[in-house]
Amino acid sequence: MIVLSAFVWFAGKWSNPFVLPSKTWLFLSLSALATGASWVCYFSALQIGEASKVAPVDKLSVVLVAVFAVVFLGERPALRDWTGIAMVAGGVLLLALKR
């Protein structure tokens, strides 16, 4: 947190965090909880599964972010972007399937 604060300050983007709207604090808190839960799940999966199968599934988040960006933010990725997203999804499936 100290390093991040220093980075924001040096970038000239520092603002008083205590004046942030309550909605921003809500989303920051939810983000922190989701990140913590994600790491707990990731390490739990590593304990019961092979890293070569767990790590690719973790990368599926790239695909989910793209889908959520389209659904909730109205973004429209180009064909090149969709090609990359499809390749990530295909790679996840290829590595996650049992041999």
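Computed from the coordinates by the stated procedures, all read-outs in this text should not be read as laboratory data. Bear in mind that the values here come from a model prediction, so they are computed numbers and not experimental data.
Express the relative contact order of the chain as a whole percentage, based on alpha carbon pairs under 8 Å and six or more residues apart in sequence. Intermediate values should be presented prior to the final figure.
Numbers: 31 pairs, mean separation 25.4, N = 99.
Dividing the mean separation by the residue count of the chain yields 26 percent.
Report the normalised scattering of the chain as log10 I(q)/I(0) at q = 0.10 Å⁻¹, calculated by the Debye formula with identical scatterers on the alpha carbons.
-0.46
Report, in degrees rounded to the nearest 10, the 0 to 90 angle that the Cα long axis of helix 60-73 makes with the longest principal axis of the chain.
Approximately 60 degrees, to the nearest ten.
Can you tell me the length gained on complete extension of the stretch GLU50 to ILE2, counting 0.36 nm per residue apart and subtracting the Cα distance? Please report the intermediate quantities before stating the final value.
On the way: separation 48, 0.36 × 48 = 17.28 nm, distance 3.45 nm.
In short, 13.8 nm is gained.
Any chance you could run the full-extension gain for TYR42 through LEU95? It's 0.36 nm times the residue separation minus the Cα-Cα distance, nm to one decimal. Walk me through the numbers before you get to the answer.
Numbers: separation 53, 0.36 × 53 = 19.08 nm, distance 1.65 nm.
Full extension from TYR42 to LEU95 adds 17.4 nm.
Report the extension gain between LEU73 and VAL19 in nm, rounded to one decimal, defined as 0.36 nm multiplied by the number of residues separating them, less their alpha carbon distance.
Values: separation 54, 0.36 × 54 = 19.44 nm, distance 2.58 nm.
Taking LEU73 through VAL19 to full extension adds about 16.9 nm, to one decimal.
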